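*Asks:* Have a look at the structure that comes next, please.
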Amino acid sequence: MGVRTWIEGWPAYRQLAGPDPLGRGVAAESSGSRDLVARTEQADRVVRSICPYCAVGCGQRVYVKDEQVTQIEGDPDSPISRGRLCPKGSASKSLVTSPARVTKVRYRRPHGSEWEDLELDTAVDMIADRVVRTRRETWQDTDDEGRVLRRTMGIASLGGATLDNEENYLMKKLYTALGAIQVENQARI
């Protein structure tokens, strides 16, 4: 490789001598970067979604290739976020692609030391049985003075910041129907 060839391959030379004086195009390319392709260009399809982290509802574009999420970016067409995402929203791809993501129902029996996997139907049945039993055991129709209460103090809910407004609304309806009056959300704490 001669000196002239080496100098012509130098990015500063390409920038000064070529058609890219600002160094934002060909002058900035290297043999390694020339072959790079954006993850968004490789996607089979783009799905619009809403960021799950808070109740703001920022728009997201989810890029999918071979039914796998390859990239998540802000949706510029969203009137709420106009293509911007906070750091949590920008990192939301890891919600579905992280190798540490728990994808099974994990259960540790009382006084147990090991976790075990449960079938989803089994776990849902266990939860339903406990809710019904707790409601039955802690139900209060009236207080000591005969005033109507129709409530339970044995069930409470603390919602998380990843729930959107619709999910919080449905949770409030569910717990109110069960007679729970201690319904709160992390966003207010």
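The values are calculated or read from the model by the stated rules, or taken from the named source; none is laboratory data. Everything numeric in this text was worked out from a predicted model, so none of it was measured. Every residue, glycine among them, receives a Cβ derived from its backbone with ideal geometry; neighbour counts consider all protein chains shown.
*Asks:* Quick one: residue 184 ticks every box in (1) closer than 19 Å to residue 52 by Cα; (2) without any contact (Cβ under 8 Å) to a residue 12 or more places away in the chain; (3) touching a strand residue (DSSP E or B) at 6+ places or on another chain (Cβ under 8 Å) except a single one, so which number is it?
*Replies:* That leaves (2) as the condition not met.
*Asks:* Of 52, 21, which residue is part of a loop (DSSP other than H, G, I, E, B), in contact with a Gly (Cβ under 9 Å, 6 or more places away or on another chain) and not assigned by TED's automatic domain parsing to the domain that holds residue 165?
*Replies:* Of 52, 21, the one residue that is part of a loop (DSSP other than H, G, I, E, B), in contact with a Gly (Cβ under 9 Å, 6 or more places away or on another chain) and not assigned by TED's automatic domain parsing to the domain that holds residue 165 is 52.
*Asks:* Moving on. Read through the list (1) outside the structural domain of residue 52 (by TED's automatic domain parsing); (2) modelled with pLDDT of 90 or more; (3) surrounded by fewer than 10 Cβ atoms within 10 Å (Cβ to Cβ), then give the number of the only condition that residue 103 fails.
*Replies:* Result: residue 103 passes all but (2).
*Asks:* Let me ask something else about it. Which one of these is assigned by TED's automatic domain parsing to the domain that holds residue 49 and either under 30 Å from residue 40 (Cα atoms) or at pLDDT 90 or above (or both): 81, 113, 157?
*Replies:* Going through 81, 113, 157 in turn, just one is assigned by TED's automatic domain parsing to the domain that holds residue 49 and either under 30 Å from residue 40 (Cα atoms) or at pLDDT 90 or above (or both): 81.
*Asks:* Looking at the stretch 146-174 only, could you name the residues that are in a helix (DSSP H, G or I) and surrounded by 15 or more Cβ atoms within 10 Å (Cβ to Cβ)?
*Replies:* Result: 168, 171, 172.
*Asks:* Scan the stretch 44-66 for residues that are surrounded by fewer than 19 Cβ atoms within 10 Å (Cβ to Cβ), at pLDDT below 90 and closer than 16 Å to residue 97 by Cα and jot them down.
*Replies:* The answer is 52, and nothing else.
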